[in-house]
Structures are given as structure tokens and as C-alpha cells.
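The block underneath contains the structure these notes are about, expressed in C-alpha cells.
The values are calculated or read from the model by the stated rules, or taken from the named source; none is laboratory data. None of the values given here were measured: they were computed from a predicted structure. Positions of Cβ are backbone-derived with ideal geometry, glycine not excepted, and every protein chain shown enters the neighbour counts.
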Amino acid sequence: MVRFENVGLRYGMGPEILKDLSFDVPPHTLQFLTGPSGAGKTTLLRLILQTLRPTRGLISLFGHDTSSLDKDAITRLRRRIGVVFQDFRLLDHLTTYENVALPLRVQGRDERIYRPEVIELLKWVGLGDRMHVSPAILSGGEKQRAAIARATISRPELLLADEPTGNVDPSLARRLLRLFIEMNRSGTSVVLATHDLALMDQVDARRMVLAEGRLHVYD
Amino acid sequence: MSMTEAPEVVTRPAGLAERLGLGGRRGTPLLPDSSLAGRALIIVIIIMAFLASITAGTVQLIAQASSDWTGTVAREMTVQVRPRSGRDLEADVRRAADIAGRVPGITEVRIFTRAEAERLLEPWLGAGLALGELPVPRLIVLRLDPAGQADVARLKGDLGAVPTASLDDHRLWLKRLATMARTLVVIGLVVMALVLVAMALAVAFATRGAMAGNREIIDVLHLVGAEDRFIAREFQRHFLKLGLRGGAIGGGLAVLAFLLASSLSQRWIATPGGEQVEALFGSFALGFGGYAAVAVIAGLVAAITAVVSRTTVFRNLRGLD
């Protein structure tokens, strides 16, 4: 599904911040990406999402070598990936419902068909009564849940989540983790970037640890 | 994922606005209206649409007026009979009129009397002068059949029998008039094109500004899988709305301006200045062609706005890679 071979990244002429990363994310798997703050977890997720290009090495997504793909082809691959950003990146001029429905809207799907699904998911993440308000007035935890709902609404084949439980209390964190596990059971590969050890201890999953620019995988 | 029961959904048929991509079911525009400096841009579009419509209307008026002048002038010819010592002027005039009357295609021959000929000189020489002593030429006005072609060559030849008569078929005057009208029309079209180009540039700058101001939104759209086409379409939709609104208001103001000018010209018609202006431009009343030209300009303004914004967005998105 995702394959990195000897991938390195440096900004400009600076030192390599990610070195010789080689790993793959097999289909239908769940893994944690962890490491100290500033280790490059978000950067690694951006490489998978192709918002950053590596300075060396090979990245393949869903069997395609990304270096040979044009922008539209990468956009089409991105539709198969759901992302929860650390800073949520919700659009404040849209309602919560419209934010969650955005991935379906940009794909040109008919709202009459997806509307019940979006409302159902919003209710499931506890935002049923907040769907018509702007994300600007949501609490941190509510924004987090809206961001997760947006990442999962199109039932992506791969879900990347950057600190998805960073702003929620432990009970909601467990609930959200359950959502990720259920998504994984229904066939989605999940990469959860987190440094929440308590969260990782709840699931027996592969751990990818980033430290000093190198990746160590513990199956 | 465990899902609860599906809530009831209220559906409604798609409206016209929605089918045109101007809102409706599409929900909130993905680009917020307020952030696009829309107010300043729409004023620019209104002004440009107004100027372009005024120019188009004026071009239409000039073209119409010049066709009226040429039509009127081309339906007339004049024979001038000069007095010469030793010749009977009255007899020459009668003879020339007689010759002209026999040429096919000439429907009416009217001899200007001596008194009428003198009255023509009044504006230059003043009234009350005894012109009896002056050798004033006499005029014969020939009206041509508007449908048929008068045989001008034969008339010229036949008039050779009266050595003091000469034919003025207004051809030189017509040629100059047509050239002047054509020049004015070309100048008008160039001005209109320049106004539209200036508007297109203003839209391009506004689009770039809008893109810079909405960078975060564009990034999110890309990350949730929006293609450049989709983003360009969102910008195009936004600017098309501005263009339609600006074009309609600018065009509407131009029509109002023409109506106002027309009603004012009716009041001033009695003054010499008013007569002169009316002779040149008619009564400022836009005909069907004029209104059609304004409508086309309004549509053109909206189309240019939409196309320029779309092209600018595409070019800039390519630059983001």
C-alpha cells in the first residue's frame, strides 16, 4: 500500500532530517508511528501524502512510483487516503457538516446520496447537534472529532492521523481509537502518529519509532 | 464502523441557479465572499461595463446616424445653374429641369426660386440686402427613386446641352461622411476593447489576490482530493457571479444614461446646439441594436471575468508545484 525505499529528506542545503527510511504499510494493518516531539512524524506523514517530495529514495503509493506521477494522478491517489491533521485544518467559513462532507463534495458526489451518511457519522462522533455551526466555535475536542469525521467519511483505503487524540479526554480518546480499529477491521490501513503511550498500550499493533531521523519498526 | 439509523433527509428539486452552477444545493461557496476583495472588484467591473456599454451604444448611434445621413443625402442630387452674361438664366434653369425630368429614376424635380436661393445665402450675408444685383446661382433639387438606380451618367451627358449647368451628386460629401463615421466606429471599438482588456487585467490581479488570501483553503481542498479543475471552477463560479452582477449593473446604468440623454436632448432640441447634436447623433434613442449591444457587452464582461479568473487560477496552481 505504502512503500518507502531508502528515502531521505533535507530542507535546502541543511542536514538530512529523515535518513534511509525503508518500510511498508501493508493492506488492512494498523500501526502507530511514534517518537519524541520534533522527530519528524508529521514530516513522514507529509511524505506519504505527497505534500513533500523526498530528496532521495523511492516512495510508492498503492503500487505507483510517485516520482513518475503528475499532479492530477497524485490528487486521485490522495482521494484514497484520509488525513487527520494535528492542527485540524477545518474551514471556518463552512459549517461542521460541510467540512465533514468536503472530500465527497470535491469528488462531485451527489449531496442527496451522501447527506445521510455524513449526518450519521457526525452523530456517531458526538457532533450531531453541532453540525450546523462553524468549526470556529467548536472546542478543541470537537474540532478533533470533526477532523476525524472528515478523514473517514470517504472510507479511505489508508488513514493517516497525526496526534488524533491529542486534544481529547481519555474516555473520548478510547472511543476514537475504537473508531480507528473498526475502520481497520473493515479494511482500511491505519497509521496513527502519536506519543501517547497509554493509547498505544491499549492495542497490540505494529510500532514504527522515529528517532534521530531513522525509523525502527517493531512488529 | 457501527452506524445508527439513517436520519430523515429532506430533498428538493434542483433549481435553475444550481444547474447554472450559481449556488442552490451546492451549499456554501468554498471560497468565502468577504475575503475576495469582491466589493472593490465589483465596482471596477461596474465602471468598466458602464464605459464599454456607453462606447458600444455610441458606436451604434453613430453607425445608425451615418446610415441615416447617407440615406437622405444619397436620395438627392443638385443641379446648379450659374448666371453668365449673354445667357438667359431662367431659360437655362427651365431647360436643365426639363432635361433632368426626362431621365429615368428621377421622381421629382424642384426648382429653387430666386427668393429661395437668396434665403440660402442669408445666414452668411445677413437679411435685408438687395441681392438682385448679385449673380446668384440657381439650384434645382432632384429627388431620386429610392428603389431604382438613377442614370447619373446619362443625366450628366444630357446636361451638356446647358453649358452653365453642373451636376452635384454629393458623392465627395458622402465619401467623407462615410470615412468619418467609419473612423469614429473604429475608434469606439478600440476604446471598448481597451476597456475590456483593462477589466480583464483587474480581474487577473484580483484573482491572484484572492488565491493568496485563500491559500489555506486551497491547500485543504488539495489535501482532501480536489483537482486543480475543481478549484479553478470554484474561483470561476465566484467571479462569474461578480461579472454577471457588475455587467448587469454597468449595462443598466449605461441604458439609463442613454435614456436620460435622450430625454434631455428632447428639451434642448429647440436650441441651435441641440439641433447640431441631434443632426450628428440623432435623438440619443438606442434602437433595438443599441440595447442588444449593451446586453452583449454585459454578457461579455461576465464571460471575460469568468474565463480570466479560471485561467489565472490554473496558471497559479501549476506554479504552486
- Quick check: anything in region B:237-247 surrounded by 15 or more Cβ atoms within 10 Å (Cβ to Cβ), within 14 Å of chain A (Cβ to nearest Cβ) and either part of a helix (DSSP H, G or I) or of a type in the set (Val, Ile, Thr) (or both)? yes
- Task: Could you check how many residues of region A:100-118 are in contact with a helix residue (DSSP H, G or I) (Cβ under 7 Å, 6 or more places away or on another chain), more than 21 Å from B:Asp228 (Cβ to Cβ) and either of a type outside the set (A, V, I, L, M) or facing another protein chain (nearest Cβ under 8 Å) (or both)?
- Result: 2
- Looking at A:Glu163, A:Glu182, which one is surrounded by 13 or more Cβ atoms within 10 Å (Cβ to Cβ), modelled with pLDDT of 85 or more, within 14 Å of chain B (Cβ to nearest Cβ) and under 19 Å from A:Val125 (Cβ atoms)? A:Glu182
- Query: With respect to B:Ala161, is the statement that it is surrounded by 14 or more Cβ atoms within 10 Å (Cβ to Cβ), over 25 Å from the mean Cα position of the chain (by Cα), over 30 Å from A:Ile153 (Cβ atoms) and in contact (Cβ under 8 Å) with a residue 12 or more places away in the chain true?
  - Reply: no
- Message: Considering only region A:131-139, I want to know if a residue exists there that is polar (S, T, N, Q), modelled with pLDDT of 90 or more and buried (at least 20 other Cβ atoms within 10 Å of the Cβ).
- Response: no
- Residues A:Thr51, A:Thr75: which one is assigned to a helix (DSSP H, G or I), of a type in the set (Val, Ile, Thr) and closer than 24 Å to A:Val106 by Cα? A:Thr75
- Go through (1) of a type outside the set (Val, Ile, Thr); (2) in contact with a Lys or Arg (Cβ under 7 Å, 6 or more places away or on another chain); (3) at the interface with chain B (Cβ under 8 Å from one of its Cβ atoms); (4) not in a helix (DSSP H, G or I) one by one and return the number of the condition A:Phe88 breaks. (3)
- Task: Tell me which of these A:His28 doesn't satisfy, since it passes every other one: (1) buried (at least 18 other Cβ atoms within 10 Å of the Cβ); (2) modelled with pLDDT of 90 or more; (3) more than 14 Å from every other protein chain (Cβ to nearest Cβ).
- Result: (1)
- Query: In this structure, does A:Leu33 turn out to be in contact with a helix residue (DSSP H, G or I) (Cβ under 7 Å, 6 or more places away or on another chain), away from chain B (no Cβ under 14 Å) and over 19 Å from A:Leu158 (Cβ atoms)?
  - Reply: no
- Single residue of region A:185-202 satisfying the filter (crowded, with 18+ Cβ neighbours inside 10 Å and not in a loop (DSSP other than H, G, I, E, B)) that is farthest from the chain's Cα centre (by Cα): A:Leu199
- Task: Please tell me if B:Ala248 is closer than 21 Å to A:Ile48 by Cα and out of contact with any Lys or Arg (no Cβ under 7 Å at 6 or more places or on another chain).
- Result: no
- Scope region A:122-134; condition more than 8 Å from chain B (Cβ to nearest Cβ) and part of a helix (DSSP H, G or I); matching residues: A:Leu122
